[in-house]
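Undergrad: Dumping the structure here so I can ask a few things about it.
The values are calculated or read from the model by the stated rules, or taken from the named source; none is laboratory data. Every value quoted in this text rests on a predicted model; they were computed, and no experiment measured them. Note that each Cβ is placed from the backbone with ideal geometry, even for glycine, and that neighbours are counted across all protein chains shown.
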Amino acid sequence: MSSYTNLVRWAKSKGVRFIRKRDSLLMRVISALLYLVPGISPTIFMDRFTSQIGSTVYWANRYLSTQQKARILSHEMMHHHDSQRMGFLKFGFIYAFPQILALPAIPALIILPIWYGSSFLREVEFNHTWWLWLLWLVFAAPWPSPGRTWAELRGYTVTLWTYKKQGLPVRYDRIIKNFTGGSYYWMSWSTKNMEKKLEESRRRVLDGTIANHIPYINELNDAWEGKTDAE
């Protein structure tokens with residue numbers, strides 16, 4: 001039995017379900033909203049990136065080999081573990097911070113044009129209450145996200161471990177670009193810092209001490225090798 005098959009059985013035993021992004025209304029809605037976000041491609045979001053929310057893994061639309069799926073699922077199960085350990089709401093808030101603080105501005109953006117019609121810009125100019133609501137939009141900018149960086153560093157450390165398991169070379173430049181580019185909404189502004197952190201993870205993976213820092217690796221390893229009790 002392949003490592004991917006073992007992982008799927010183990011993940012399902014933990015209540016994880018799998019959906020292709022094109023078959024998910026939620027993912028299609030998120031993709032449509034991304035047209036409003038400069039620098040992030042809705043097509044890339046749907047076709048290139050697998051996402052995980054709660055106990056659901058949304059597979060990217062593109063073809064993925066079983067080797068790729070094993071690496072990706074391991075990464076997503078790291079997020080699932082952290083979400084279960086911390087609580088879904090707390091993990092989600094930390095992951096989406098500070099951009100999640102822009103949410104209070106959404107009611108104002110919806111209500112203003114409907115209520116005031118073509119004169120809503122003039123109303124905003126003279127009504128300071130509306131300005132206070134709209135100021136929350138400042139948080140929608142691509143500010144660094146320490147929580148998202150922390151979560152994805154754990155996820156990509158697991159990814160490095162899976163590459164070692166499969167005996168494959170790693171494109172570190174691509175991983176670093178995920179941290180500093182639009183793929184994750186510019187969650188880190190420091191390429192140098194991410195290079196340093198990924199180098200630390202790489203060393204721990206190579207010298208076999210990674211489980212000291214991420215104990216969940218031990219459970220993942222058992223799942224890869226089919227040593228769990230999953231039915």
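Undergrad: Determine which member of the set Y156, Y172 is closer than 22 Å to Q52 by Cα and either surrounded by 14 or more Cβ atoms within 10 Å (Cβ to Cβ) or assigned by TED's automatic domain parsing to the domain that holds E76 (or both). Full working, then the answer.
TA: Working: Y172 fails: closer than 22 Å to Q52 by Cα.
Going through Y156, Y172 in turn, just one is closer than 22 Å to Q52 by Cα and either surrounded by 14 or more Cβ atoms within 10 Å (Cβ to Cβ) or assigned by TED's automatic domain parsing to the domain that holds E76 (or both): Y156.
Undergrad: Now, a different point. Exactly one of (1) touching a Gly at 6+ places or on another chain (Cβ under 7 Å); (2) modelled with pLDDT of 95 or more; (3) not aliphatic (A, V, I, L, M) is unmet by K196. Its number?
TA: (1)
Undergrad: Could you check segment 171-211 and list, in sequence order, the residues that are assigned to a helix (DSSP H, G or I) and among the β-branched types (V, I, T)? Break it down into steps so the answer makes sense when it comes.
TA: Within segment 171-211, the subset assigned to a helix (DSSP H, G or I) is 172-180, 182-184, 191-207, 210-211.
Listed by number, the residues that qualify are I175, I176, T180, T191, V205, I210.
Undergrad: So, one more: So which residues in segment 17-28 are out of contact with any strand residue (DSSP E or B) (no Cβ under 6 Å at 6 or more places or on another chain) and not charged (D, E, K, R)?
TA: As a first pass, look at segment 17-28 and keep what is out of contact with any strand residue (DSSP E or B) (no Cβ under 6 Å at 6 or more places or on another chain): 22-23, 25-26, 28.
L25, L26 - these are the residues of segment 17-28 that are out of contact with any strand residue (DSSP E or B) (no Cβ under 6 Å at 6 or more places or on another chain) and not charged (D, E, K, R).
Undergrad: Exactly one condition in (1) surrounded by fewer than 16 Cβ atoms within 10 Å (Cβ to Cβ); (2) modelled with pLDDT of 95 or more; (3) over 21 Å from T149 (Cα atoms); (4) of a type outside the set (A, V, I, L, M) is false for F97; which is it?
TA: The single condition F97 does not satisfy is (3).
Undergrad: Going by the conditions given, is F18 farther than 28 Å from A140 by Cβ and either assigned to a helix (DSSP H, G or I) or not β-branched (V, I, T) (or both)? First the steps, then the outcome.
TA: Numbers: farther than 28 Å from A140 by Cβ: yes; either assigned to a helix (DSSP H, G or I) or not β-branched (V, I, T) (or both): yes.
Answer is yes for this residue.
Undergrad: Go through segment 132-170 and report how many residues are within 20 Å of the chain's Cα centre (by Cα), closer than 19 Å to E76 by Cα and of a type outside the set (S, T, N, Q).
TA: Matching residues across segment 132-170 total 15.
Undergrad: I've got another one for you. If we keep just the residues of segment 48-61 that are of a type outside the set (A, V, I, L, M, F, W, C) and either in contact with a strand residue (DSSP E or B) (Cβ under 7 Å, 6 or more places away or on another chain) or touching a residue at least 24 places away in the same chain (Cβ under 8 Å) (or both), which is surrounded by the most Cβ atoms within 10 Å (Cβ to Cβ)? Before the answer, list the steps.
TA: Looking only at segment 48-61, we keep the residues that are of a type outside the set (A, V, I, L, M, F, W, C), and these are 48, 50-52, 54-56, 58, 61.
In the following step, the residues that additionally are either in contact with a strand residue (DSSP E or B) (Cβ under 7 Å, 6 or more places away or on another chain) or touching a residue at least 24 places away in the same chain (Cβ under 8 Å) (or both) were identified as 50-52, 54-56, 58, 61.
Numbers: T50: 20, S51: 19, Q52: 19, G54: 14, S55: 14, T56: 17, Y58: 23, N61: 18.
Checked segment 48-61; the qualifying residue surrounded by the most Cβ atoms within 10 Å (Cβ to Cβ) is Y58.
Undergrad: Going by the structure shown, is A32 under 19 Å from G182 (Cα atoms), small (G, A, S) and loosely packed, with under 14 Cβ neighbours inside 10 Å? Working first, answer last.
TA: On the way: under 19 Å from G182 (Cα atoms): yes; small (G, A, S): yes; loosely packed, with under 14 Cβ neighbours inside 10 Å: yes.
So A32 fits the description; yes.
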